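**Q** So that we are looking at the same thing, I have put the structure below in structure tokens.
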Amino acid sequence: MARAILFGTSISPGIAIGFAHFIHSVQQKEYLRLNPDEAPAEQAFLRAATDNLCAALQQTIQNVPPDMAEYRDVIAAQIVLARDPKLLGSALARIEDELICAAWALDRTVDTLCAQFRGMEDPYLRDRAQDIRTVGLRLREYLSGQPKPQAPDVPCILVAGDLSPADIIELNLQNIQGILTVEGGSTSHTSILARSLRIPALVNVTGLLDVSAENCRIILDGIRGHVLFDPDVEELVDYRTRQTDYANWEKHCESMSRLPAEMSDGARVIVRANLERQGDLAAVRESGAEGIGLYRTEYAYLSGNLPAEDDLFDEYKIVADSIAPERVIFRTLDSGADKTLPAQAALKEPNPALGLRGIRFCLRHEEIFKTQLRALMRAGVRGNTALLLPMITEIAEVRSVRHIIQELHKELHTQGLPHAPELPLGVMIETPAAVLICDDLAKECDFFSIGTNDLVHYLIAIDRDNRHVSYLHNPLHPAVVRAIKRVIDVAHGAGINVSVCGELASDPYGLALLLGLGVNTVSATPRFIPDMKHMIRRLDAAACTDLARNILQSSDVVESKRMVHESLYKSLGQELTFHTTSLLTRSRYEQ
Ligand code: PEP
Ligand code: MG
């Protein structure tokens with residue numbers, strides 16, 4: 001049996017077997033107190049380390065492969081951060097004020113800044129603590145005379161407290177079999193990079209640095225979310241077989257990703273992609289997705305400055321053109337809660353998840369909203385596009401948006417700017433209020449998109465980013481299943497399309513249930529689409545309907561899970577173990 005097993009959050013699926021290679025394991029330099037006359041030299045030492053780090057990062061920017069061009073901006077941001085007065089300025093001041101050496105001053109400054117960011121409600125800003133930590137680590141390496149992460153010349157699994165995209169790009173990508181970190185969040189740039197490079201990765205591996213040692217043998221299971229240290233021969237043989245089987249299975253799914261997602265008894269399902277950034281369009285095309293079911297438009301707003309209409313227009317036009325003739329559903333700005341704009345953070349809302357987010361923010365700040373709508377309407381003359389409104393809780397919100405669109409139509413017409421006067425308008429069903437009034441909403445809009453990520457949380461009253469209540473996260477909760485069923489029935493009755501764009505659609509258990517409840521359009525991260533299409537082809541619509549009927553009658557979540565598992569096992573057999581599911585995680589009540 002392995003010497004130890006630790007659990008983490010899988011942010012990129014797959015299995016890696018290899019030897020640990022630590023990066024950023026700086027030799028702890030002695031912390032020194034200074035005499036006042038030594039402070040200037042120590043400050044100069046820190047300034048020189050910063051200059052050297054920035055020069056090295058500049059060089060890394062030149063080495064970024066063309067297909068990863070977007071990471072140039074990420075690395076450029078690290079250069080800015082390294083010179084940021086909050087980081088460099090504070091550390092320099094500490095040397096003088098506290099009369100401590102550069103390494104000590106830097107560590108103290110990084111700890112203080114990270115604590116500030118980690119305490120923030122917004123996970124996007126919380127994840128920025130990781131950026132500060134990694135820049136701090138790099139500076140420490142320069143101060144201790146070990147300036148570069150030692151590039152492994154043999155394949156290895158990277159182990160670190162934290163990693164930045166620059167760390168990964170600086171290494172020989174061919175040699176990185178897997179990534180394990182103690183810190184990290186799923187929205188961090190490193191996570192996004194690991195997923196796009198298809199490197200199996202786990203973050204939040206508590207105890208990693210204590211249990212792991214340089215060159216110790218590791219099995220990283222990015223499907224089930226755990227890591228084995230010093231596995232025995234039996235485990236190695238077992239995981240090597242699983243690794244090969246998984247790789248073959250993935251290849252098989254990918255080779256068939258262009259085939260339509262047609263269930264074994266002929267029922268047709270549309271599988272679209274969820275996308276956050278225009279830079280990931282290639283992944284959509286490769287995945288076999290039939291269009292984009294959810295284009296999250298927030299990312300253009302997160303850098304700090306509000307984007308100009310023409311910049312948004314260019315972005316939306318490129319997306320619409322490259323996906324045409326397939327549909328792209330642009331969701332209007334859903335800022336707030338887990339995607340707070342830097343300016344919104346100043347509002348210091350006591351509970352942002354119940355605050356000025358989504359459509360509420362847009363209707364409160366009409367000028368920001370109008371700029372986006374004008375860009376979307378102008379891009380709407382290209383391709384096949386539709387609009388989707390987030391966080392709807394009232395009919396009045398949809399009516400207000402329609403009114404604004406009419407006004408903008410007149411305005412754009414007067415200005416002689418080509419635009420689509422009436423794009424299909426859908427609403428996200430992601431609040432209990434929207435579920436309860438969905439019959440009225442169906443009369444006001446052209447389609448529904450069920451956002452299960454938020455719906456599950458608002459229905460069960462658990463903050464999606466509060467790990468203390470994550471054990472309650474249960475999409476098979478009868479309230480969730482019945483709510484989804486109601487929305488689907490109402491949409492069908494009203495003759496409008498209903499799709500599901502939350503994570504539940506890419507979970508095998510969730511997907512089977514959704515299909516059984518009558519959903520015929522889903523969207524998910526491109527990475528999961530070949531697997532989902534493959535699974536759909538293996539499922540039988542009648543069996544899924546039976547399953548959903550039984551689940552609807554169940555008030556026992558454990559029993560519901562058992563039923564889904566049994567039904568899926570019948571259709572997929574051993575293949576079921578290749579799908580990453582979070583629904584099998586046992587809740588506190590099931591121990
Ligand atoms: C959802 O809530 O399910 C959803 C798809 O939107 P987001 O995850 O962007 O809130
Ligand atoms: Mg949502």
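**Q** Identify, among 119, 137, 61, the residue whose Cα sits farthest towards the positive end of the charge dipole of segment 30-148, taking +1 on the Cβ of Lys and Arg and -1 on the Cβ of Asp and Glu, with the dipole about the Cα centre.
**A** 61
**Q** I need to check one value: relative contact order of the chain, counting alpha carbon pairs closer than 8 Å and at least 6 residues apart, in percent.
**A** In percent, rounded to a whole number, it is 14.
**Q** For the chain, which whole percent of the accessible surface, found with a 1.4 angstrom probe, sits on carbon and sulfur atoms?
**A** The value for the chain is 52 percent carbon and sulfur by accessible area.
**Q** Then there's this: Can you tell me the Rg and Dmax of segment 151-251, counting just the alpha carbons, in angstroms?
**A** 13.3, 37
**Q** As a check on your grasp of the helix formula, calculate [θ] at 222 nm for the chain: sum -39500 (n - 2.57) over DSSP H runs of n ≥ 4, divide by the residue count, round to the nearest 500.
**A** -15000 deg cm²/dmol
**Q** Now for a separate question. If a/c stays under 1.5 just call it rounded; otherwise compare a/b with b/c (prolate if a/b is bigger, oblate if not). Do that for segment 30-148, with a ≥ b ≥ c from the square roots of the Cα gyration tensor eigenvalues. Before the final figure, lay out each step's value.
**A** On the way: a/c = 2.65, a/b = 1.41, b/c = 1.88.
Oblate is the answer for segment 30-148, as a/c is 1.5 or above yet b/c matches or exceeds a/b.
**Q** Where both residues lie in the chain, what percent of DSSP beta bridges are antiparallel, nearest 5?
**A** Counting DSSP beta bridges with both partners in the chain, the antiparallel share is about 35 percent.
**Q** Let me check the size of the chain from its C-alpha atoms; what are the radius of gyration and Dmax in Å?
**A** 25.2, 82
**Q** Another one. Peptides 248-260, 6-18, 276-288, 154-166: what's the order by average Cβ count within 10 Å, highest mean first?
**A** Averaged packing, sorted descending, gives the order 154-166, 6-18, 276-288, 248-260.
**Q** Scale the Cα Rg of segment 369-444 by the rule-of-thumb value 2.2 N^0.38 Å and send over the ratio, two decimals. Kindly include the intermediate steps, with their values, before the conclusion.
**A** On the way: Rg = 13.3 Å, N = 76, 2.2 N^0.38 = 11.4 Å.
In units of the globular-protein estimate, segment 369-444 measures up at 1.17.
**Q** Using 7 Å Cα-to-Cβ label points, what is the residue 310/residue 63 separation (nm, one decimal)?
**A** Once both label points are built, they end up 3.7 nm from each other.
**Q** Using the structure shown, select from 410/485; 348/533; 348/561; 86/317; 339/443 the pairs with a Cα to Cα distance greater than 32 angstrom.
**A** Working: 410/485 40 Å; 348/533 43 Å; 348/561 39 Å; 86/317 38 Å; 339/443 30 Å.
Flagged as over cut-off: 410/485; 348/533; 348/561; 86/317.
**Q** Still on this structure: So how strong a dipole does segment 30-148 carry about its Cα centre when Lys and Arg Cβ are +1 and Asp and Glu Cβ are -1, to the nearest 20 debye? Can you show the working numbers first?
**A** Values: 14 positive and 19 negative charges, 30 e Å.
Taking the Cα centre of segment 30-148 as origin, the dipole is about 140 debye.
**Q** Relative contact order (percent) for segment 256-590, with alpha-carbon contacts under 8 angstrom and 6 or more residues of separation?
**A** 19
**Q** With every protein chain present, what is the per residue accessible area of segment 256-590 (1.4 Å probe, Å²)?
**A** On the way: 13520 Å² over 335 residues.
So segment 256-590 comes to 40 Å² accessible per residue, rounded to a whole number.
**Q** Also, quick follow-up: Using the Cα centre of the chain as origin and beta-carbon charges of +1 (Lys, Arg) and -1 (Asp, Glu), tell me which of 487, 511, 300 is placed farthest towards the positive end of the dipole.
**A** Result: 487, furthest along the dipole toward the positive end.
**Q** Over segment 423-570, calculate the relative contact order: mean separation of alpha carbon pairs under 8 Å at least 6 apart, over the residue count, as a percent. List each step's numbers first, then the result.
**A** Values: 207 pairs, mean separation 32.0, N = 148.
22 percent.
**Q** Starting from 0 in steps of 20 Å, tell me what percent of the Cα-Cα pairs of segment 256-590 lands in each bin.
**A** Percent of Cα pairs in each bin: 31, 59, 10, 0.
The values are calculated or read from the model by the stated rules, or taken from the named source; none is laboratory data. None of these values were measured; they are calculated from a predicted model. All Cβ positions, even for glycine, are placed from backbone atoms using ideal geometry, and neighbour counts span all protein chains on display. With ligands, DNA and RNA removed, areas are computed over all heavy atoms of the protein, side chains included. Shrake-Rupley method; radii C 1.70, N 1.55, O 1.52, S 1.80 Å.
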